[in-house]
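Notes to accompany the following structure.
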Amino acid sequence: MREIFAEVLTIGDEILYGQILDTNTKWISRELDDIGIKVRRKISIGDKKQEILDALDESLKRSDIVLITGGLGPTKDDITKKTLAEYFDAELELNASALEDVEDIFSRFGKEVTEINRQQAFLPEGCKKIKNERGTAPGMWFEKDKKVVVSMPGVPFEMEAMMSKTILPKLKKHFTLPVIVHKVIKTIGIGESWLAEEISDWEDSLPEHLALAYLPGKSQVRLRLTGVGIDREILETEMDQQIESVLPVIKPYVYGFGDIQIEDAVGEMLKIRELKIATAESCTGGFLAHRLTSVPGSSEYYWGSVVSYHNDIKKGALEVSHKTLDAYGAVSEETATEMAVGVRKKFKTDIGISTTGIAGPDGGTEEKPVGTVWMAISFGKNVVTRKIQLPGTRILNIEYTAIHALNFLRQTLDKQ
């Protein structure tokens, strides 16, 4: 089965100026993917007629579908409709159905239709009107040489309603579409290049209709396996079998699948084991607690936190010895250990985890440069510690420390 490709054009100077964030292309791409249409390219264009004409012409040479958002408003700077009329060599004519829609919207608010809004009911001859249930600018469906061009408003909630109710169903009827399936493996604690080496033989053996992508993030790499086929059930079964075959190779680094986050995975481990945890944070300033408590139902296992930023709090709230602080400093294995033990004792939990480090940009020394972090976990009769060295900015160091701490906790629980 032939793959169907689409391109998305977003029109508006305000997008290029950075005055608004383009969320339309992300939403459209996800919806197209769900029905088996691959987005080949996304382009942002200013309100310039020739640039729109050139982009449209190029897109139709490459792809089967072009979806356009923006430039359909009633003001003079909105030129998309006139430009499309020129491209398809069509005159603008009053569309009675479109005019009824505009009049209906104005009547709901008890207002008369203005002449400028009446102009929105003029559409290029030969195009199919797409009803806009949330605004005054109708969408337009054009067909040329077995290809489809659709123009929609740039307002997201207007575009989304139009796509969901009319355009996506029409595309499914117009084209014979394949099935596209994505499956994601979440890994942590291994870099992209090392991960690629570990699974190179498996990746090389994948059939042509299955493709692997590496999506690196903060201390994590998502492996996205994409399959294209005719039968969804058969395709998903085959992809599940491929995933099962590679898991033994990368099991220590895998914490979940799909959209799961590391805090979700850790929370599930704590819940299954019926364990309670408390956090003692210095350099992360409560961010580790935030990640843990962002999970719905975290009150089952998360008891509380002490943000011991100042040494007096470390000594008073967590019973860290002043001798330890004097001898080793706040950023040390010894201090991290006493923090983890102290917070566990304070909240009477099964686990205490601590973070202490130098987030930056100042405060580093030759012995302990910016990004030096110590973590400790008090669990059972033991305390395990870990030192990491981070290269980021202050905010990144805080975020990375929390992620590393969650992974440290996952690995510790996994050994029990």
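The values are calculated or read from the model by the stated rules, or taken from the named source; none is laboratory data. This structure is a prediction, so every number in the text was calculated from the model and none was measured. FYI the Cβ positions are ideal-geometry reconstructions off the backbone, even for glycines, and counts take in every protein chain you see. To get the accessible areas, we keep the full protein, side chains included, count just its heavy atoms, and leave off ligands, DNA and RNA. Shrake-Rupley method; radii C 1.70, N 1.55, O 1.52, S 1.80 Å.
One table, with the values for the structure above:
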quantity	calculated
Any chance Asp240 is open to solvent by less than 60 Å² (accessible area, probe 1.4 Å), modelled with pLDDT of 95 or more and either of a type in the set (Asp, Glu) or not in a helix (DSSP H, G or I) (or both)	no
In region 53-97, the residues that are under 17 Å from Gly135 (Cβ atoms) and small (Gly, Ala, Ser)	Gly70, Gly71, Gly73, Ser97
Output for region 21-35, where each listed residue is at pLDDT 95 or above, buried (at least 17 other Cβ atoms within 10 Å of the Cβ) and either over 17 Å from Ile180 (Cβ atoms) or more than 15 Å from the chain's Cα centre (by Cα) (or both)	Asn24, Thr25, Leu32
Residue within region 407-416 that is of a type in the set (Ser, Thr, Tyr) and surrounded by 22 or more Cβ atoms within 10 Å (Cβ to Cβ) present	no
Region 48-63: number of residues that are assigned to a helix (DSSP H, G or I) and touching a residue at least 40 places away in the same chain (Cβ under 8 Å)	6
Residues satisfying the stated conditions in region 251-263, i.e. assigned to a helix (DSSP H, G or I), within 25 Å of Met239 (Cα to Cα) and among the charged types (D, E, K, R)	Lys251
Answer from Val246, Val266, Val221, Val228 - the residue that is part of a strand (DSSP E or B) and buried (at least 18 other Cβ atoms within 10 Å of the Cβ)	Val221
Set Asp240, Asp264: member being within 30 Å of Phe347 (Cα to Cα) and either touching a residue at least 12 places away in the same chain (Cβ under 8 Å) or more than 22 Å from the chain's Cα centre (by Cα) (or both)	Asp264
Every residue from region 1-20 that is at pLDDT 95 or above, under 16 Å from Thr226 (Cβ atoms) and out of contact with any Leu (no Cβ under 7 Å at 6 or more places or on another chain)	Phe5
When residues of region 157-196 are limited to those that are polar (S, T, N, Q) and surrounded by 15 or more Cβ atoms within 10 Å (Cβ to Cβ), the one farthest from Met239 (Cα to Cα)	Thr166
Residue ID - most open to solvent (accessible area, probe 1.4 Å), chosen from residues in region 3-20 that are touching a Gly at 6+ places or on another chain (Cβ under 8 Å) and assigned to a helix (DSSP H, G or I)	Leu16
Spans of helices (runs of 4 or more DSSP H) in region 272-345 with at least 2 residues without any contact (Cβ under 8 Å) to a residue 12 or more places away in the chain and surrounded by fewer than 16 Cβ atoms within 10 Å (Cβ to Cβ)	311-318, 322-328
Which numbered condition Arg386 fails, given (1) free of Cβ contacts under 8 Å to residues at least 40 places away in the same chain; (2) touching a Phe, Trp or Tyr at 6+ places or on another chain (Cβ under 7 Å); (3) open to solvent by less than 60 Å² (accessible area, probe 1.4 Å)	(3)
Total residues in region 290-310, condition out of contact with any helix residue (DSSP H, G or I) (no Cβ under 9 Å at 6 or more places or on another chain) and either closer than 14 Å to Arg344 by Cα or at pLDDT below 95 (or both)	0
Residues satisfying the stated conditions in region 64-96, i.e. open to solvent by less than 70 Å² (accessible area, probe 1.4 Å), assigned to a loop (DSSP other than H, G, I, E, B) and either in contact with a Leu (Cβ under 9 Å, 6 or more places away or on another chain) or over 16 Å from Asp47 (Cβ atoms) (or both)	Asp64, Gly70, Asp78, Phe88, Ala90, Asn95
Hits in region 139-153 - residues which are modelled with pLDDT of 95 or more and out of contact with any Phe, Trp or Tyr (no Cβ under 9 Å at 6 or more places or on another chain)	Gly139, Met140, Trp141, Glu143, Lys147, Met152, Pro153
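Residue-by-condition table, conditions (1) open to solvent by 10 Å² or more (accessible area, probe 1.4 Å); (2) among the aromatic types (Phe, Trp, Tyr); (3) in contact with a helix residue (DSSP H, G or I) (Cβ under 8 Å, 6 or more places away or on another chain):
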site	(1), (2), (3)
Lys111	yes, no, no
Ile116	yes, no, no
Leu123	no, no, yes
Lys131	yes, no, yes
Thr136	yes, no, yes
Val149	no, no, yes
